[in-house]
Amino acid sequence: MSAPLLELDAVSKKFRRPMSLGDRIAAKLGGTVVPHEVRAVDGVSLSVSHSETVGLVGESGCGKSTLGRIAAGILPPTSGVARLDGKPVMSEGRHPHKLTTRVQTVFQDPFASLNPRRRIGDAIAEGPVAHGLVDRAGSRAYVADQLSRVGLDPSYASRFPHQFSGGQRQRIAIARALAMQPDLLICDEPVASLDVSIQAQVLNLFLELRQSLNLTAIFISHDLGVVRHVSDRVAIMYLGRIVEIGPTADIYAAPKHPYTQALLSSVPRLNRRHEGRRAFKPIAGELPSPTSPPTGCHFHPRCPLAEAQCRSVAPELRPMGLTHWAACHLAVKT
(Lines give C-alpha, C1' and ligand atoms only; values in the text may rest on other atoms or scores of the structure.)
Protein backbone atom coordinates (compact mmCIF):
# COMPACT_ATOMS: atom_id res chain seq x y z
CA MET A 1 0.00 0.00 0.00
CA SER A 2 1.35 3.44 -0.94
CA ALA A 3 1.32 6.24 1.62
CA PRO A 4 -1.83 8.43 1.56
CA LEU A 5 -1.64 11.86 -0.02
CA LEU A 6 -3.47 13.59 2.87
CA GLU A 7 -3.39 12.61 6.52
CA LEU A 8 -5.41 14.31 9.25
CA ASP A 9 -4.01 13.10 12.57
CA ALA A 10 -6.29 13.59 15.61
CA VAL A 11 -7.30 17.06 14.36
CA SER A 12 -9.39 19.28 16.64
CA LYS A 13 -10.53 22.86 16.25
CA LYS A 14 -11.93 25.09 18.97
CA PHE A 15 -13.41 28.54 18.50
CA ARG A 16 -13.73 31.01 21.34
CA ARG A 17 -16.05 33.98 21.56
CA PRO A 18 -15.52 36.94 23.90
CA MET A 19 -17.64 37.19 27.02
CA SER A 20 -20.58 39.52 26.71
CA LEU A 21 -21.41 42.13 29.34
CA GLY A 22 -24.25 39.92 30.58
CA ASP A 23 -21.91 36.96 30.97
CA ARG A 24 -19.44 39.04 32.96
CA ILE A 25 -22.13 40.26 35.30
CA ALA A 26 -23.47 36.72 35.73
CA ALA A 27 -19.97 35.43 36.46
CA LYS A 28 -19.41 38.07 39.17
CA LEU A 29 -22.77 37.30 40.75
CA GLY A 30 -22.08 33.56 40.67
CA GLY A 31 -24.72 32.82 38.06
CA THR A 32 -24.63 30.48 35.06
CA VAL A 33 -22.38 31.57 32.22
CA VAL A 34 -22.89 30.32 28.67
CA PRO A 35 -19.81 28.35 27.49
CA HIS A 36 -17.48 30.43 25.34
CA GLU A 37 -15.73 27.60 23.55
CA VAL A 38 -17.05 25.67 20.57
CA ARG A 39 -15.31 22.44 19.59
CA ALA A 40 -16.14 22.41 15.87
CA VAL A 41 -13.89 19.41 15.12
CA ASP A 42 -13.20 16.83 17.81
CA GLY A 43 -10.19 14.56 17.34
CA VAL A 44 -10.77 13.56 13.72
CA SER A 45 -8.32 11.27 11.94
CA LEU A 46 -8.76 10.76 8.21
CA SER A 47 -6.55 9.77 5.28
CA VAL A 48 -7.12 10.30 1.57
CA SER A 49 -5.23 8.23 -0.97
CA HIS A 50 -3.88 9.42 -4.31
CA SER A 51 -6.60 9.76 -7.00
CA GLU A 52 -9.35 9.11 -4.46
CA THR A 53 -12.45 11.20 -3.76
CA VAL A 54 -13.74 11.10 -0.19
CA GLY A 55 -17.22 12.45 0.46
CA LEU A 56 -17.77 14.26 3.77
CA VAL A 57 -21.43 14.26 4.82
CA GLY A 58 -23.40 15.60 7.76
CA GLU A 59 -26.01 18.09 8.93
CA SER A 60 -25.26 21.80 8.98
CA GLY A 61 -23.04 22.61 11.93
CA CYS A 62 -21.38 19.20 12.15
CA GLY A 63 -17.91 20.61 11.40
CA LYS A 64 -17.36 19.29 7.88
CA SER A 65 -16.50 22.69 6.37
CA THR A 66 -14.13 23.45 9.25
CA LEU A 67 -12.40 20.12 8.67
CA GLY A 68 -12.09 20.95 4.97
CA ARG A 69 -10.51 24.32 5.77
CA ILE A 70 -7.99 22.64 8.07
CA ALA A 71 -7.09 20.19 5.30
CA ALA A 72 -6.71 23.12 2.89
CA GLY A 73 -4.46 25.09 5.23
CA ILE A 74 -6.99 27.91 5.62
CA LEU A 75 -7.54 27.28 9.35
CA PRO A 76 -4.88 26.05 11.78
CA PRO A 77 -5.97 23.14 13.99
CA THR A 78 -6.11 23.70 17.74
CA SER A 79 -4.48 20.29 18.14
CA GLY A 80 -3.39 17.54 15.79
CA VAL A 81 -1.80 18.03 12.39
CA ALA A 82 -2.74 17.92 8.72
CA ARG A 83 -0.03 16.46 6.45
CA LEU A 84 0.32 16.33 2.69
CA ASP A 85 2.77 13.66 1.54
CA GLY A 86 4.04 13.49 5.10
CA LYS A 87 4.72 17.23 5.39
CA PRO A 88 2.57 19.67 7.44
CA VAL A 89 0.07 21.71 5.45
CA MET A 90 0.48 24.65 7.87
CA SER A 91 3.37 26.03 9.87
CA GLU A 92 3.28 25.97 13.66
CA GLY A 93 3.72 28.85 16.06
CA ARG A 94 1.92 32.02 17.00
CA HIS A 95 1.25 33.07 13.41
CA PRO A 96 0.68 29.85 11.40
CA HIS A 97 0.49 30.09 7.63
CA LYS A 98 -0.13 27.76 4.72
CA LEU A 99 3.01 26.01 3.47
CA THR A 100 1.84 24.59 0.18
CA THR A 101 -0.14 25.54 -2.92
CA ARG A 102 -0.80 21.87 -3.72
CA VAL A 103 -4.17 22.05 -1.93
CA GLN A 104 -6.85 24.32 -3.41
CA THR A 105 -10.47 24.96 -2.48
CA VAL A 106 -13.72 25.45 -4.41
CA PHE A 107 -16.21 27.22 -2.14
CA GLN A 108 -20.01 27.04 -1.98
CA ASP A 109 -20.82 30.55 -3.20
CA PRO A 110 -18.72 31.47 -6.25
CA PHE A 111 -20.00 35.04 -6.27
CA ALA A 112 -18.70 35.58 -2.74
CA SER A 113 -15.33 33.95 -3.46
CA LEU A 114 -14.67 35.99 -6.62
CA ASN A 115 -13.65 39.64 -6.37
CA PRO A 116 -16.49 41.57 -8.08
CA ARG A 117 -14.05 44.31 -9.15
CA ARG A 118 -11.58 42.02 -10.90
CA ARG A 119 -11.90 40.54 -14.36
CA ILE A 120 -12.01 36.77 -14.19
CA GLY A 121 -8.88 36.43 -16.34
CA ASP A 122 -6.93 38.41 -13.76
CA ALA A 123 -8.44 36.37 -10.93
CA ILE A 124 -7.40 33.09 -12.55
CA ALA A 125 -3.91 34.30 -13.48
CA GLU A 126 -3.01 35.94 -10.15
CA GLY A 127 -2.03 32.79 -8.26
CA PRO A 128 -0.06 31.02 -11.01
CA VAL A 129 1.90 34.21 -11.80
CA ALA A 130 2.63 34.95 -8.13
CA HIS A 131 3.93 31.43 -7.54
CA GLY A 132 5.92 31.13 -10.73
CA LEU A 133 3.80 28.53 -12.48
CA VAL A 134 3.58 30.82 -15.51
CA ASP A 135 5.16 34.15 -16.39
CA ARG A 136 3.18 37.32 -17.00
CA ALA A 137 3.75 37.11 -20.77
CA GLY A 138 2.25 33.64 -20.99
CA SER A 139 -0.59 34.21 -18.52
CA ARG A 140 -3.17 35.15 -21.16
CA ALA A 141 -2.77 31.87 -23.05
CA TYR A 142 -2.67 29.99 -19.74
CA VAL A 143 -5.99 31.52 -18.64
CA ALA A 144 -7.52 30.68 -22.02
CA ASP A 145 -6.54 27.02 -21.51
CA GLN A 146 -8.06 26.98 -18.02
CA LEU A 147 -11.35 28.45 -19.23
CA SER A 148 -11.55 26.01 -22.14
CA ARG A 149 -10.92 23.13 -19.74
CA VAL A 150 -14.07 23.98 -17.76
CA GLY A 151 -16.21 24.57 -20.83
CA LEU A 152 -16.10 28.37 -21.05
CA ASP A 153 -15.14 30.57 -23.99
CA PRO A 154 -11.63 32.06 -23.52
CA SER A 155 -13.00 35.45 -24.60
CA TYR A 156 -14.87 35.60 -21.27
CA ALA A 157 -11.56 36.41 -19.53
CA SER A 158 -12.23 40.14 -19.85
CA ARG A 159 -15.62 39.97 -18.12
CA PHE A 160 -16.52 40.57 -14.48
CA PRO A 161 -18.19 37.98 -12.17
CA HIS A 162 -21.60 39.68 -12.23
CA GLN A 163 -21.82 39.05 -15.98
CA PHE A 164 -22.09 35.28 -15.48
CA SER A 165 -24.74 32.87 -14.26
CA GLY A 166 -24.27 30.90 -11.03
CA GLY A 167 -23.18 27.78 -12.88
CA GLN A 168 -20.68 29.73 -14.98
CA ARG A 169 -19.25 31.41 -11.88
CA GLN A 170 -18.71 28.01 -10.27
CA ARG A 171 -16.88 26.85 -13.40
CA ILE A 172 -14.68 29.95 -13.09
CA ALA A 173 -13.99 29.09 -9.44
CA ILE A 174 -13.00 25.56 -10.47
CA ALA A 175 -10.75 26.96 -13.22
CA ARG A 176 -9.07 29.28 -10.72
CA ALA A 177 -8.40 26.40 -8.33
CA LEU A 178 -7.08 24.09 -11.07
CA ALA A 179 -4.86 26.86 -12.46
CA MET A 180 -2.66 26.32 -9.39
CA GLN A 181 -2.06 22.72 -10.54
CA PRO A 182 -3.15 21.21 -7.21
CA ASP A 183 -2.75 17.61 -6.11
CA LEU A 184 -5.71 17.87 -3.73
CA LEU A 185 -8.99 19.73 -4.31
CA ILE A 186 -11.30 20.59 -1.41
CA CYS A 187 -14.85 21.03 -2.75
CA ASP A 188 -16.96 22.69 -0.04
CA GLU A 189 -20.63 22.36 -1.03
CA PRO A 190 -19.75 23.35 -4.63
CA VAL A 191 -23.24 22.77 -6.05
CA ALA A 192 -25.46 23.63 -3.08
CA SER A 193 -26.33 27.11 -4.37
CA LEU A 194 -27.09 25.98 -7.95
CA ASP A 195 -30.29 24.86 -9.67
CA VAL A 196 -30.67 21.10 -10.01
CA SER A 197 -30.04 21.06 -13.78
CA ILE A 198 -26.92 23.19 -13.34
CA GLN A 199 -25.78 20.95 -10.48
CA ALA A 200 -25.70 18.01 -12.87
CA GLN A 201 -23.54 19.91 -15.35
CA VAL A 202 -21.03 20.96 -12.68
CA LEU A 203 -20.89 17.45 -11.21
CA ASN A 204 -20.27 15.93 -14.63
CA LEU A 205 -17.52 18.49 -15.19
CA PHE A 206 -15.97 17.54 -11.84
CA LEU A 207 -15.99 13.84 -12.78
CA GLU A 208 -14.41 14.55 -16.16
CA LEU A 209 -11.67 16.73 -14.64
CA ARG A 210 -11.01 14.24 -11.88
CA GLN A 211 -10.40 11.49 -14.42
CA SER A 212 -8.39 13.54 -16.92
CA LEU A 213 -6.21 15.26 -14.28
CA ASN A 214 -5.95 12.33 -11.87
CA LEU A 215 -7.21 14.55 -9.06
CA THR A 216 -7.55 13.70 -5.39
CA ALA A 217 -10.52 15.39 -3.71
CA ILE A 218 -12.54 15.85 -0.55
CA PHE A 219 -16.15 16.52 -1.55
CA ILE A 220 -18.13 18.17 1.24
CA SER A 221 -21.92 18.09 0.99
CA HIS A 222 -25.13 17.55 2.92
CA ASP A 223 -26.68 15.97 -0.19
CA LEU A 224 -26.34 12.20 0.04
CA GLY A 225 -27.35 11.73 -3.59
CA VAL A 226 -24.58 14.00 -4.84
CA VAL A 227 -21.94 12.36 -2.64
CA ARG A 228 -22.94 8.90 -3.80
CA HIS A 229 -22.44 9.98 -7.39
CA VAL A 230 -18.93 11.37 -7.03
CA SER A 231 -17.20 9.59 -4.11
CA ASP A 232 -15.09 6.47 -3.69
CA ARG A 233 -15.45 6.54 0.09
CA VAL A 234 -17.85 8.39 2.38
CA ALA A 235 -17.22 9.75 5.87
CA ILE A 236 -20.26 10.66 8.01
CA MET A 237 -19.76 13.48 10.53
CA TYR A 238 -21.88 14.32 13.54
CA LEU A 239 -21.13 17.18 15.94
CA GLY A 240 -17.42 17.34 15.17
CA ARG A 241 -16.71 13.62 15.00
CA ILE A 242 -16.58 11.04 12.23
CA VAL A 243 -19.12 8.38 13.20
CA GLU A 244 -18.81 6.12 10.14
CA ILE A 245 -16.51 5.77 7.16
CA GLY A 246 -16.21 3.25 4.37
CA PRO A 247 -16.56 2.56 0.65
CA THR A 248 -19.53 4.34 -0.89
CA ALA A 249 -21.28 1.11 -1.89
CA ASP A 250 -20.97 -0.31 1.65
CA ILE A 251 -22.19 2.85 3.37
CA TYR A 252 -25.29 3.09 1.19
CA ALA A 253 -26.07 -0.64 1.12
CA ALA A 254 -25.39 -1.51 4.77
CA PRO A 255 -24.95 1.52 7.07
CA LYS A 256 -23.88 0.58 10.60
CA HIS A 257 -24.30 3.76 12.65
CA PRO A 258 -27.88 4.74 13.62
CA TYR A 259 -27.20 8.30 12.45
CA THR A 260 -26.14 7.11 8.99
CA GLN A 261 -29.19 4.85 8.86
CA ALA A 262 -31.44 7.77 9.76
CA LEU A 263 -29.86 10.02 7.12
CA LEU A 264 -30.30 7.43 4.39
CA SER A 265 -33.88 6.61 5.39
CA SER A 266 -34.81 10.28 4.93
CA VAL A 267 -33.55 10.44 1.32
CA PRO A 268 -36.45 10.64 -1.20
CA ARG A 269 -36.68 7.73 -3.65
CA LEU A 270 -38.19 8.00 -7.09
CA ASN A 271 -38.68 4.30 -7.81
CA ARG A 272 -40.72 2.61 -5.09
CA ARG A 273 -42.07 -0.24 -7.21
CA HIS A 274 -40.13 -2.84 -5.22
CA GLU A 275 -40.20 -1.02 -1.89
CA GLY A 276 -43.90 -0.44 -1.33
CA ARG A 277 -45.21 2.62 0.47
CA ARG A 278 -42.72 4.23 2.83
CA ALA A 279 -43.57 7.02 5.25
CA PHE A 280 -41.07 9.82 5.65
CA LYS A 281 -39.38 9.55 9.06
CA PRO A 282 -37.17 12.51 10.04
CA ILE A 283 -34.40 12.22 12.62
CA ALA A 284 -35.87 12.79 16.07
CA GLY A 285 -34.89 15.81 18.11
CA GLU A 286 -32.66 18.76 17.35
CA LEU A 287 -28.92 18.94 16.76
CA PRO A 288 -27.37 19.66 20.21
CA SER A 289 -25.42 22.86 20.77
CA PRO A 290 -21.70 22.46 19.98
CA THR A 291 -20.94 24.66 23.00
CA SER A 292 -22.21 21.92 25.33
CA PRO A 293 -22.32 18.60 23.43
CA PRO A 294 -23.83 15.52 25.09
CA THR A 295 -21.58 13.20 27.04
CA GLY A 296 -20.63 9.79 25.66
CA CYS A 297 -21.88 9.31 22.12
CA HIS A 298 -22.98 12.72 20.86
CA PHE A 299 -25.90 11.13 19.02
CA HIS A 300 -27.43 9.33 22.01
CA PRO A 301 -30.17 11.95 22.77
CA ARG A 302 -31.62 11.37 19.28
CA CYS A 303 -30.84 7.66 18.93
CA PRO A 304 -33.74 5.20 19.35
CA LEU A 305 -31.30 2.42 20.30
CA ALA A 306 -29.29 4.29 22.97
CA GLU A 307 -28.32 2.41 26.14
CA ALA A 308 -26.64 3.45 29.37
CA GLN A 309 -23.16 2.89 27.92
CA CYS A 310 -23.93 5.28 25.04
CA ARG A 311 -24.67 8.09 27.49
CA SER A 312 -21.39 7.81 29.37
CA VAL A 313 -18.69 6.36 27.09
CA ALA A 314 -17.67 7.94 23.77
CA PRO A 315 -17.39 5.13 21.19
CA GLU A 316 -14.22 4.74 19.13
CA LEU A 317 -14.22 3.93 15.42
CA ARG A 318 -13.95 0.17 15.12
CA PRO A 319 -13.86 -2.10 12.07
CA MET A 320 -17.11 -3.36 10.62
CA GLY A 321 -15.26 -5.07 7.76
CA LEU A 322 -12.00 -4.75 5.94
CA THR A 323 -12.50 -1.09 4.98
CA HIS A 324 -15.67 -0.11 6.85
CA TRP A 325 -15.56 1.58 10.29
CA ALA A 326 -18.23 2.83 12.67
CA ALA A 327 -18.20 4.57 16.06
CA CYS A 328 -21.13 2.86 17.75
CA HIS A 329 -21.28 0.54 20.78
CA LEU A 330 -24.21 -1.33 19.25
CA ALA A 331 -22.99 -1.71 15.67
CA VAL A 332 -22.60 -5.33 14.58
CA LYS A 333 -19.75 -6.42 12.32
CA THR A 334 -20.73 -8.23 9.12
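The values are calculated or read from the model by the stated rules, or taken from the named source; none is laboratory data. Quick caveat: nothing in here was measured; it's all calculated off a predicted structure. When we count neighbours, we look across all protein chains shown, and the Cβ atoms used for this are built from the backbone with ideal geometry, even at glycine.
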Just one listed residue, out of Thr291, Thr323, is surrounded by fewer than 13 Cβ atoms within 10 Å (Cβ to Cβ) and outside any helix (DSSP H, G or I), and it is Thr323
With the first residue restricted to region 282-306 and required to be free of Cβ contacts under 8 Å to residues at least 12 places away in the same chain and in the same structural domain as Ser60 (by TED's automatic domain parsing), and the second required to be surrounded by 13 or more Cβ atoms within 10 Å (Cβ to Cβ) and in a loop (DSSP other than H, G, I, E, B), Cβ contacts under 7 Å at 6 or more apart or on different chains are His300/Pro294; His300/Ala306
Per the filter on region 172-200, residues hydrophobic (A, V, I, L, M, F, W, C) and either in a loop (DSSP other than H, G, I, E, B) or more than 15 Å from Gly68 (Cβ to Cβ) (or both) are Ile172, Ile174, Ala175, Leu178, Ala179, Met180, Val191, Ala192, Leu194, Val196, Ile198, Ala200
Those residues of region 12-40 which are out of contact with any Asp or Glu (no Cβ under 9 Å at 6 or more places or on another chain) and either of a type in the set (Phe, Trp, Tyr) or modelled with pLDDT of 95 or more (or both) amount to none
Does region 90-100 include one or more residues that are out of contact with any strand residue (DSSP E or B) (no Cβ under 8 Å at 6 or more places or on another chain), among the basic types (Lys, Arg), outside the structural domain of Val143 (by TED's automatic domain parsing) and at pLDDT below 95? yes
Does Ala123 satisfy being of a type in the set (A, V, I, L, M, F, W, C) and buried (at least 20 other Cβ atoms within 10 Å of the Cβ)? yes
